[in-house]
Amino acid sequence: MIKLVQHTLQRELTLAYRRRADLLNPLFFFVLVVSLFPMGITTDLDKLTEMSGGVLWVCALLASLLSLDLMFRNDFEDGSLEQMLLSSAPPQVIVLCKIFCHWLVTGVPLTLLSPLLSIMLALPGHALPVLMASLLLGTFSLSLIGSIGAALTVGLRKGGLLLTILIMPVLVPVLIFGTSTVQAIVLGLAWPGYLAFLGAFTAGAFALAPWLTVAALKVSVCD
Amino acid sequence: MTKLAVANNLFCERDDRILFKDLSLNITQGEIVHIKGPNGAGKTTLLRRLIGLSWVVEGDLSWHESVSESGIRPDGHRFWYLAHRPAVTLMQTPLENLAFAVAMHQADVSEPSLWAALADVGLKGFEDVPAHSLSAGQQRRVALARLYLNLPQIKLWVLDEPFTALDVQAVSQLETTIESFAEQGGTVIMTSHHGLHHTSVRELHIGAAA
């Protein structure tokens, strides 16, 4: 089992490296959209500080939505997905590895870029660690929940729009708690409660998403 | 000989057309079951039903305990399934593809055996070339390489059109491999438009009735 996990992680990460152009897309989107806000709306630092948490979070959510469609598509098209479902190991393990790698190559880089962009939005320095913690946790649950939608729509030729519509309502709680965490610390309110909610949401998604994703993949692959 | 799989009253309907009905199937260990039929007759659907990848076929099916713990579908590590989409990831090299196929079967195969299997399918020298720069036939060979690993736990091959895109020599080599696998007690279920001539081949025609 450990060997399978190792192999899957290694495969996913090498594939991610070889398809790196696909992965740069959401990152560029994140940087571009966030940097357009100060230019397009206001350069008033107080106003920017007020909305910085929300802007960063909305852009992070949209950026990771962009990358979700690719999570299973290539494996579906070349037939690897069938073999994963037939594997003697629980397919949930393989799926969880894929989700984890997806987070490593989208959520983590987004989080690492966020300090740079938060300067542009005049986010106070003391809020930065909390922003990064909330993004790190939140993007993981975006990958987890997004994988269910990606699995449901992988059999469709153009599933991108449907995926967004399907999965967006479930992602809204992540956005609410993520934004609230950042806003709370900016305003000097108690923020650990919001972060704890985000953590609980991620833990719940971690427990359920692999099973739901496998069930959705079976619907898509088995005709 | 052990009855590996018994299926009764299989029925498949697609787009208001009945592909097959009252189909019964007995698969004995050590035989090569060659499913024949015109295009669109439901050969692939039947194969996918047998290994538990399709839900559109109704009917009873049970597998012998030597290949299946649950009896419903064969255990993942006991068979190879070679599908239409051959599970060859184009961004990976043949060696990486084969190693991952083995890892999903949770089998222990040494690196030299992987190289040997690739050499057996005529991919010597192409082990580290990305699969997208190989020809269609060579890509099929990457998928076929797993059949040459001789894993003792593999009891069943389910092959969907294994001869597609192969050259004449590779076709006859694969025929020999399939036959020797059956002689060693393995069971093969395959679809193909190509005729196989061996004593243990049993042909099954489906979809003749319109």
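Please treat every number below as a calculation from the coordinates, not as lab data. What you see is a predicted model, and the numbers here were worked out from it, not measured in a lab. Please note: Cβ atoms are built from the backbone with ideal geometry, for glycine as well, and neighbour counts cover all protein chains shown.
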In the set B:GLY71, B:GLY59, which member is among the small types (Gly, Ala, Ser), in contact (Cβ under 8 Å) with a residue 24 or more places away in the chain and not in a helix (DSSP H, G or I)? B:GLY59
Note on segment B:91-106: residues facing another protein chain (nearest Cβ under 9 Å), farther than 12 Å from A:GLN83 by Cα and either part of a loop (DSSP other than H, G, I, E, B) or of a type in the set (A, V, I, L, M, F, W, C) (or both) are B:MET91, B:GLN92, B:ALA99, B:GLN106
Filtering segment B:165-192 down to residues that are out of contact with any Pro (no Cβ under 9 Å at 6 or more places or on another chain) and part of a loop (DSSP other than H, G, I, E, B), which residue is farthest from B:GLY40 (Cα to Cα)? B:GLN184
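Among the residues of segment A:185-198, what is the count of those that are part of a helix (DSSP H, G or I) and in contact with a helix residue (DSSP H, G or I) (Cβ under 6 Å, 6 or more places away or on another chain)? So that I can check it myself, show each step before the final result.
Going through segment A:185-198, the residues part of a helix (DSSP H, G or I) turn out to be A:185-186, A:192-198.
Among the residues that remain, those that are also in contact with a helix residue (DSSP H, G or I) (Cβ under 6 Å, 6 or more places away or on another chain) are: A:185-186, A:194-195, A:197-198.
Selection size over segment A:185-198: 6.
Looking only at segment B:146-164, which residues are outside any loop (DSSP other than H, G, I, E, B) and not aliphatic (A, V, I, L, M)?
Step one: list which residues in segment B:146-164 are outside any loop (DSSP other than H, G, I, E, B), which gives B:146-148, B:156-160.
Passing the criteria: B:ARG146, B:TYR148, B:TRP157, B:ASP160.
Yes/no per residue for (1) away from chain B (no Cβ under 13 Å); (2) touching a residue at least 60 places away in the same chain (Cβ under 8 Å):
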position	(1), (2)
A:ARG11	no, no
A:ARG20	no, no
A:VAL34	yes, yes
A:GLY53	yes, yes
A:GLY79	no, no
A:LEU85	no, yes
A:ILE94	no, yes
Does segment B:161-169 include one or more residues that are more than 20 Å from B:HIS194 (Cβ to Cβ) and surrounded by fewer than 20 Cβ atoms within 10 Å (Cβ to Cβ)? no
Quick test of your reading of the structure: B:LEU95 fulfils all but one of (1) buried (at least 20 other Cβ atoms within 10 Å of the Cβ); (2) touching a residue at least 40 places away in the same chain (Cβ under 8 Å); (3) of a type outside the set (D, E, K, R). Name the failing condition by number. (2)
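Could we say that A:ALA89 is buried (at least 19 other Cβ atoms within 10 Å of the Cβ), among the small types (Gly, Ala, Ser) and assigned to a helix (DSSP H, G or I) here?
Values: buried (at least 19 other Cβ atoms within 10 Å of the Cβ): yes; among the small types (Gly, Ala, Ser): yes; assigned to a helix (DSSP H, G or I): no.
No, not satisfied.
Can you name every residue in segment B:149-182 that is among the acidic types (Asp, Glu) and out of contact with any Gly (no Cβ under 8 Å at 6 or more places or on another chain)?
Step one: filter segment B:149-182 for residues among the acidic types (Asp, Glu), giving B:160-161, B:167, B:175, B:179.
If the condition is that a residue be among the acidic types (Asp, Glu) and out of contact with any Gly (no Cβ under 8 Å at 6 or more places or on another chain), then B:ASP160, B:GLU161, B:GLU175, B:GLU179 are the ones that fit.
For segment A:55-75, enumerate the residues that are acidic (Asp, Glu) and away from chain B (no Cβ under 14 Å).
Going residue by residue through segment A:55-75, those that are acidic (Asp, Glu) are A:69, A:75.
Passing the criteria: only A:ASP69.
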